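> First the structure, then my questions, so here it is.
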């Protein structure tokens with residue numbers, strides 16, 4: 001008889017797991033996938049819009065951050081603006097006939113300072129903007145997966161790159 005009681009308790013435990021815990025884990029995992037897709041979409045749209053306009057303005061940056069945070073998570077946002085610089089090479093004051101080419105990169109801090117000071121951060125045609133978004137908060141789905149799978153911690157990062165087309169007419173209208 002004691003075997004029947006132990007079997008009943010074990011069966012009840014398995015039933016509880018199957019009826020309640022497994023669906024909660026599955027739904028939280030699905031919610032994480034939706035949040036990741038949203039993060040990737042929002043990041044891509046922001047990078048594309050900035051490159052199409054040729055600038056980042058305060059309003060579009062704040063809207064980007066607001067859309068990211070709409071799901072309740074917190075994120076680390078890194079923006080890198082890369083500009084290809086061409087400089088003539090001079091030796092002893094004489095042009096050597098060579099043109100030096102290098103990348104000049106501006107990072108998030110400087111970009112945000114420019115946004116605060118002037119309301120917009122300008123780019124030129126051919127510049128590259130790279131926006132990287134990494135979640136900093138742990139979601140319920142990640143917590144469950146860590147509990148089930150052990151210490152496996154997968155972090156999702158969304159990276160969007162775009163080459164600036166710089167529609168200067170749009171910027172001129174923005175300044176008016």
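No value in this document is a laboratory result; all are computed from the given coordinates. Owing to the predicted nature of the structure, the values given are computational and were not obtained by experimental measurement. Cβ: placed from backbone, ideal geometry, glycine included. Neighbour counts: every protein chain shown.
> Could you please give the count of residues in segment 36-56 that are in contact with a helix residue (DSSP H, G or I) (Cβ under 9 Å, 6 or more places away or on another chain) and crowded, with 19+ Cβ neighbours inside 10 Å?
Total satisfying the criteria: 9.
> For residue 86, only one of the following conditions fails: (1) in contact with a strand residue (DSSP E or B) (Cβ under 9 Å, 6 or more places away or on another chain); (2) surrounded by 10 or more Cβ atoms within 10 Å (Cβ to Cβ). What is its number?
(2)
> Out of curiosity, is residue 108 touching a residue at least 24 places away in the same chain (Cβ under 8 Å) and either closer than 19 Å to residue 43 by Cα or in contact with a strand residue (DSSP E or B) (Cβ under 9 Å, 6 or more places away or on another chain) (or both)? Before you say what the answer is, go through the steps one by one.
Working: touching a residue at least 24 places away in the same chain (Cβ under 8 Å): yes; either closer than 19 Å to residue 43 by Cα or in contact with a strand residue (DSSP E or B) (Cβ under 9 Å, 6 or more places away or on another chain) (or both): yes.
Against the criterion (touching a residue at least 24 places away in the same chain (Cβ under 8 Å) and either closer than 19 Å to residue 43 by Cα or in contact with a strand residue (DSSP E or B) (Cβ under 9 Å, 6 or more places away or on another chain) (or both)), residue 108 qualifies.
> What's the total number of residues in segment 64-76 that are closer than 18 Å to residue 115 by Cβ and touching a strand residue (DSSP E or B) at 6+ places or on another chain (Cβ under 9 Å)? Working first, answer last.
Let us first name the residues in segment 64-76 that are closer than 18 Å to residue 115 by Cβ, namely 64-69, 75-76.
Still in the running and touching a strand residue (DSSP E or B) at 6+ places or on another chain (Cβ under 9 Å): 64-65, 68-69, 75-76.
Of the residues in segment 64-76, 6 are closer than 18 Å to residue 115 by Cβ and touching a strand residue (DSSP E or B) at 6+ places or on another chain (Cβ under 9 Å).
> Going by what's in this entry, would residue 61 be described as under 25 Å from residue 136 (Cβ atoms), in contact (Cβ under 8 Å) with a residue 24 or more places away in the chain and touching a strand residue (DSSP E or B) at 6+ places or on another chain (Cβ under 7 Å)?
Working: under 25 Å from residue 136 (Cβ atoms): yes; in contact (Cβ under 8 Å) with a residue 24 or more places away in the chain: yes; touching a strand residue (DSSP E or B) at 6+ places or on another chain (Cβ under 7 Å): no.
When the stated conditions are applied, residue 61 does not pass them.
> Kindly indicate whether any position in segment 101-112 is within 19 Å of residue 58 (Cα to Cα), loosely packed, with under 15 Cβ neighbours inside 10 Å and touching a helix residue (DSSP H, G or I) at 6+ places or on another chain (Cβ under 7 Å). Give the derivation first.
Restricting attention to segment 101-112, the residues satisfying the condition of being within 19 Å of residue 58 (Cα to Cα) are 106-112.
Add one more test, that the residue is loosely packed, with under 15 Cβ neighbours inside 10 Å, and what stays is 107, 109-110.
Retained after the next criterion (residues that are touching a helix residue (DSSP H, G or I) at 6+ places or on another chain (Cβ under 7 Å)): none.
Within segment 101-112, not a single residue is within 19 Å of residue 58 (Cα to Cα), loosely packed, with under 15 Cβ neighbours inside 10 Å and touching a helix residue (DSSP H, G or I) at 6+ places or on another chain (Cβ under 7 Å).
> Read through the list (1) part of a strand (DSSP E or B); (2) farther than 30 Å from residue 119 by Cβ, then give the number of the only condition that residue 30 fails.
Of the numbered conditions (1) part of a strand (DSSP E or B); (2) farther than 30 Å from residue 119 by Cβ, the odd one out for residue 30 is (1).
> For the condition surrounded by fewer than 16 Cβ atoms within 10 Å (Cβ to Cβ), farther than 22 Å from residue 127 by Cβ and touching a residue at least 60 places away in the same chain (Cβ under 8 Å), what is the one hit in 91, 24?
Working: 91 fails: touching a residue at least 60 places away in the same chain (Cβ under 8 Å).
None of the others qualify; the one that does is 24.
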